[in-house]
1. What does the extension gain come out to for ARG88 and ARG15, with contour length at 0.36 nm per residue minus their alpha carbon separation?
2. Could you tell me how many degrees, from 0 to 90 and to the nearest 10, lie between the Cα long axis of helix 77-98 and the main elongation axis, the longest principal axis, of the Cα atoms of the chain?
3. Excluding ligands, DNA and RNA, what is the solvent-accessible area per residue of the chain at a probe of 1.4 Å, expressed in Å²?
4. What nm value, rounded to one decimal, do you get for the distance between GLU3 and GLU97 when each label is placed 7 Å out toward the C-beta?
5. Grab the Cα-Cα distance for ARG69 and GLU50, subtract it from 0.36 nm times how many residues apart they are, and report the gain in nm with one decimal.
6. When Rg and Dmax of the Cα atoms in Å is calculated directly from the model, which label among [x] 24.5, 81; [y] 13.3, 45; [z] 13.1, 40 fits?
7. Using a 1.4 Å probe over the heavy atoms of the protein chains, calculate the carbon and sulfur portion of the accessible area of the chain as a whole percent.
Amino acid sequence: MAEPEFDATGVGISRMLRSLTRAGHVLVRDGELVLMTSYGSEIDSAPVDEVRISGYGMRDQALATLRGRSYLLRLGLRHREGLLSAVRTARAKAAAERGVLGR
């Protein structure tokens, strides 16, 4: 298993109005975004190509949509920017591996 491109703990993760965890774990690893509880149980995961991250207008939060399911991530400002950057980088790596770039 490769070193994660992004790793944040203590993340609040909600779905609609329901809090799933107040101290969750968000990873971008091997081209996949993984949301986990504080106990290490997986909440959801998806390849970065199937993930949409929006942070516009939200100071320390991001809205992550994985395969049509939306999650509100309360990350903190520094981690929010890191997540957006890690997802962009992982998408570019996946595209390069498929041979989409450079032609």
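1. Residue separation times 0.36 nm, minus the Cα-Cα distance, leaves 24.0 nm.
2. The answer is roughly 30 degrees.
3. Values: 6280 Å² over 103 residues.
That works out to 61 Å² per residue.
4. Once both label points are built, they end up 1.7 nm from each other.
5. Once the chain is fully extended between ARG69 and GLU50, it gains 5.8 nm.
6. [y]
7. Details: 3060 of 6280 Å².
Answer for the chain is 49 percent, counting heavy atoms of protein chains only.
The values are calculated or read from the model by the stated rules, or taken from the named source; none is laboratory data. Everything quoted here is computed from the prediction, not taken from an experiment. FYI the Cβ positions are ideal-geometry reconstructions off the backbone, even for glycines, and counts take in every protein chain you see. Each accessible area value is taken on the protein alone, full model and side chains, heavy atoms only, with ligands, DNA and RNA left out. Shrake-Rupley method; radii C 1.70, N 1.55, O 1.52, S 1.80 Å.
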